[in-house]
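Rule-based calculations on the coordinates, nothing more; no lab input. Not measured: the values here are computed from a predicted model. Using ideal geometry, Cβ is built from the backbone for each residue, glycine included, and neighbour counts are taken over all protein chains shown.
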Amino acid sequence: MSNLAHLTENDPIFKAKKRSAVEIIRRVSAYLWPYKGLALATIACAVLSLLCAFAFPRLTQYIIDDVIGLGNTSQLDTAILLLVGAFFLRDFFNSIRIQVNNHFEQNVVFDMRREVYAQLQRLPVRYYDKRASGDLMTRVIEDVNAVERLLIDGTEQGTVAIVSIFGVLAILFATNPMLAGVAMIPIPLLAIGAMWYTLTAHKRYRKQRQASSAMNALLMDNLQGVREIKAFGREKHEDGRFTDRAEAMRQSTLTIMRAWAFYNPSMSFIAATGTGLVLWIGGGQVMDDQMSVGELVAFLFYLALFYEPISKLHGLNQMLQSARAGGERVFDILDSTEERKTAGANQALPEPVRGEVEYRGVQFNYTDDKPALNDITLIAKPGQMTALVGPTGAGKSTLVNLLPAFYETDDGEITIDGQSIADTSLQSLRHNISVVSQEPFLFNGTVRENIAYGNLDACDEEVFEASRAANCHDFICELTNGFDSKVGERGVRLSVGEKQRISIARALLKDSPILILDEATASVDTATEQLIQQALERLMRGRTSFVIAHRLSTIRNADQILVLKNGSIIERGTHDELIAQEGLYARLANIQNTTFLEKRFEKFEPIS
């Protein structure tokens with residue numbers, strides 16, 4: 001399982017740079033511009049629906065005072081038809097608004113999610129070394145949704161609420177200035193409440209987003225490591241860990257809801273006192289014949305249309321704080337520096353690529369306190385096999401990871417055919433390098449799709465040819481659906497040896513002049529090892545190959561063997577030359593030969 005699984009929501013990897021609400025709004029607004037037509041149509045439909053709603057109080061006043069009050073029954077049918085017509089138009093425009101708004105919403109969230117995912121694809125490997133996959137998934141899915149709600153609902157509801165407030169305010173003061181002034185009495189208290197919520201809510205939402213990321217990170221980690229959990233019988237232990245994360249999520253959500261449970265009803269009550277004051281003063285005016293019953297009823301209806309958008313603004317404030325917390329985490333991804341984002345690093349390798357690789361005084365550190373590679377100098381001629389040997393942590397994987405620029409060197413230079421890889425575009429560089437790792441990764445698709453990943457334009461015959469060369473064609477044909485068989489997540493439905501041969505077929509199909517091999521036979525039986533070794537020999541033929549060797553018997557014929565220790569090359573030469581030096585390589589070879597002999601004697605097998 002990931003070494004990130006033990007982290008809690010308070011760990012820095014789940015946090016993001018703090019940003020103001022103004023910055024978040026400014027940046028997310030850019031996603032609206034390509035769909036300004038849909039945005040305007042949504043707002044227009046909402047405003048038209050609102051205007052139709054404005055007709056209801058005036059028609060109600062007319063029915064009460066002029067129709068019912070005066071006994072003018074001949075006008076009742078017409079007035080009711082007008083009222084029903086106003087309701088119909090209100091809901092008709094609202095229906096159109098919903099449809100347009102849905103298109104608007106999905107287009108915007110598609111663009112944002114696609115941009116965030118594209119940025120994740122272009123971030124350096126070092127970025128993922130300190131991130132949990134579950135946290136990144138939370139940002140792409142949940143946090144983008146939080147920002148999207150502000151984009152869509154905020155744009156529409158905010159605009160309509162403001163139009164409604166000022167529109168109704170004008171009607172109220174034009175109808176009865178005194179009652180309008182009474183209705184404004186609660187406004188200062190509503191403003192103070194909104195300010196309190198705005199200034200305190202962000203911390204609560206940020207903590208909730210971090211708790212959600214921590215929970216999702218553990219969930220993803222445990223789903224990927226479910227076999228290890230079962231093998232060690234740690235179900236109860238993991239139940240407890242997930243319970244802790246879920247509890248943190250529950251508590252952070254309850255903290256938000258408790259604040260909202262106090263804030264929203266309080267604001268509603270304050271607004272209701274305004275209605276009560278208007279009814280109190282207005283009722284006295286009716287009894288003093290200063291206004292009619294219908295006018296008071298109409299005024300109260302307009303007042304409801306005034307306080308309702310104020311309530312929506314409170315809801316939008318809550319949405320803003322959630323979007324602000326989510327936006328910080330989304331823009332943390334979008335603002336991260338892409339790999340190879342430097343001027344001049346866009347040259348293609350000159351064709352045809354011969355595959356001559358040279359390291360000149362290369363230095364690299366994962367952290368400042370411990371160098372991983374120190375003054376690495378080597379030359380690999382075209383078509384040569386270079387083997388890397390050494391104890392765990394010697395720097396073998398780091399050395400080969402610098403070649404396709406998974407990490408950038410701190411000092412020194414790496415060249416291919418004389419051209420510095422620092423000046424080479426990543427597309428050209430990685431197009432000419434194939435990697436076969438010790439633990440092959442297969443995508444959750446078909447066998448055909450996984451092999452064809454090496455060359456997306458390959459035809460079926462090329463896929464079949466690569467599978468034959470990789471010694472996997474026969475077992476693939478025996479699968480239920482042949483090349484269309486699903487391999488499962490990370491290739492779980494296949495054995496280690498089968499996955500490895502498919503990964504070799506993928507590399508063969510890519511047909512790159514430079515090859516990186518992490519010992520591909522370390523975890524398989526003898527018969528499978530022989531099949532894989534044959535496939536690797538075909539794969540390496542004519543290619544410049546870097547082989548990380550765990551079994552020295554597989555590299556006896558290497559053109560050069562580099563022995564690494566503590567990030568430095570301490571020995572180099574052919575197998576026979578290094579044996580003659582009687583150094584670290586010779587000791588490793590002696591240990592492996594002794595172990596091999598002991599195993600053969602234990603099985604009573606003759607030594608050929």
Margin query: If R₀ is 22 angstrom, what is the calculated FRET efficiency for the pair Ala174 and Glu308, using the beta carbon separation as r and rounding to 0.05?
Written below: 0.70
Checklist line | Along principal axes, Cα extents of the stretch 52-194, largest first, whole Å | finding: 81, 36, 20
Check: Taking H as built 1.01 Å from N, whose amide H comes closer than 5 Å to the amide H of Met385, not counting residues under 5 places away?
Finding: Ser545, Asp559, Gln560
Next item on the list: Check each of the trypsin sites (Lys or Arg not before Pro) in the stretch 196-239 and keep only those in coil by DSSP with at most 16 other C-beta atoms within 10 angstrom; list them in order.
Entry: Arg234
Item checked: Cut-off 12 Å between beta-carbons: net charge of the residues surrounding Pro391, Lys and Arg +1, Asp and Glu -1 -> +3
Notebook entry, point to check: Rounded to the nearest 0.05, what FRET efficiency do Ala44 and Cys477 have when you use their Cβ-Cβ distance and R0 = 60 Å?
Noted result: 0.45
Note to self: Report the Rg/Rh value for the stretch 106-163, based on alpha-carbon coordinates and the Kirkwood definition of Rh.
What the structure shows: 1.14
Item checked: Cα long-axis angle, helix 187-224 against the chain (0 to 90 degrees, to the nearest 10) -> 30 degrees
Notebook entry, point to check: Relative to the first principal axis of the alpha-carbon coordinates of the chain, what is the inclination of helix 584-602, with its axis defined by its Cα atoms, in degrees from 0 to 90 and to the nearest 10?
Noted result: 80 degrees
Checklist line | Cα-Cα over 25 Å, subset of Lys130/Lys370; Lys370/Lys499; Lys207/Lys236; Lys370/Lys510; Lys370/Lys396 | finding: Lys370/Lys499; Lys207/Lys236; Lys370/Lys510
Next item on the list: For the stretch 435-511, calculate the relative contact order in percent as a whole number, restricting contacts to Cα pairs under 8 Å that are 6 or more residues apart.
Entry: 52 percent
Check: For the stretch 12-334, how big is the tail of P(r) above 26 Å, as a whole percent of Cα pairs?
Finding: 60 percent
Margin query: Compute the angle between helix 36-62 and the longest alpha-carbon principal axis of the chain, please, reported from 0 to 90 degrees and rounded to the nearest 10.
Written below: 20 degrees
Check: Rounded to the nearest 5, what % of the DSSP beta bridges within the chain are antiparallel ones?
Finding: 55 percent
Check: Once phi is turned into θ = phi - 60°, what whole-Hz ³J(HN,Hα) does the Karplus curve with 6.51, -1.76 and 1.60 give for every residue of the stretch 330-339, x standing for Gly and Pro?
Finding: 5, 6, 4, 6, 5, 8, 5, 6, 5, 5
Note to self: Viscosity 1.002 mPa s, temperature 20 °C: give me the Stokes-Einstein translational D for the stretch 323-397 in µm²/s, with Rh taken as the Kirkwood radius over C-alpha pairs.
What the structure shows: 128 µm²/s
Note to self: Which of rounded, prolate or oblate describes the stretch 155-211 when judged by the alpha-carbon gyration tensor and an a/c cut-off of 1.5?
What the structure shows: oblate
Check: Tyr366 label point, 7 Å along Cα→Cβ, cut-off 15 Å on backbone N: hits in the stretch 551-582?
Finding: 566-568
Checklist line | Correct choice for P(r) over Cα pairs in 10 Å bins from 0, in percent that was computed from the model, options (1) 3, 12, 17, 19, 15, 11, 8, 7, 5, 3, 1, 0, 0; (2) 3, 15, 24, 25, 18, 10, 5, 2, 0; (3) 3, 14, 22, 20, 17, 13, 7, 3, 1, 0 | finding: (1)
Check: What 222 nm value per residue comes from the helices of the chain, counting each DSSP H run with n ≥ 4 as -39,500 (n - 2.57) and dividing by all residues, nearest 500 deg cm²/dmol?
Finding: -19500 deg cm²/dmol
Next item on the list: Report the label-to-label distance for Met184 and Trp196 in nanometres (one decimal), using points 7 Å from each Cα along the Cα→Cβ vector.
Entry: 2.4 nm
Next item on the list: Can you figure out the FRET efficiency of Tyr117 with Met287, using R₀ = 60 Å and their beta-carbon distance, to the nearest 0.05?
Entry: 0.35
Check: Relative contact order for the stretch 12-334 using alpha-carbon pairs under 8 Å, separation at least 6, rounded to a whole percent?
Finding: 35 percent
Next item on the list: On each of the three principal axes of the Cα atoms of the stretch 435-511, give max minus min coordinate, whole Å, ordered largest first.
Entry: 26, 25, 20
Next item on the list: Putting +1 on Lys and Arg Cβ atoms and -1 on Asp and Glu Cβ atoms, find which of Ile165, Tyr127, Met178 reaches farthest to the positive end of the dipole of the stretch 12-334.
Entry: Tyr127
Checklist line | In order through the stretch 310-318: 3J(HN,Hα) via Karplus (6.51 cos²θ - 1.76 cosθ + 1.60), integer Hz, x for Gly, Pro | finding: 4, 4, 5, 5, 5, x, 5, 5, 4
Notebook entry, point to check: Can you give the relative contact order of the stretch 306-439 as a percent, counting alpha carbon pairs under 8 Å and 6+ residues apart?
Noted result: 29 percent
Margin query: Could you tell me what a quarter of the Cα convex hull surface of the stretch 396-458 works out to, in nm² with one decimal place?
Written below: 5.7 nm²
Next item on the list: Subtracting the Cα-Cα distance from 0.36 nm times the residue separation, let me have the gained length for Met540 to Leu89 in nm, one decimal.
Entry: 155.0 nm
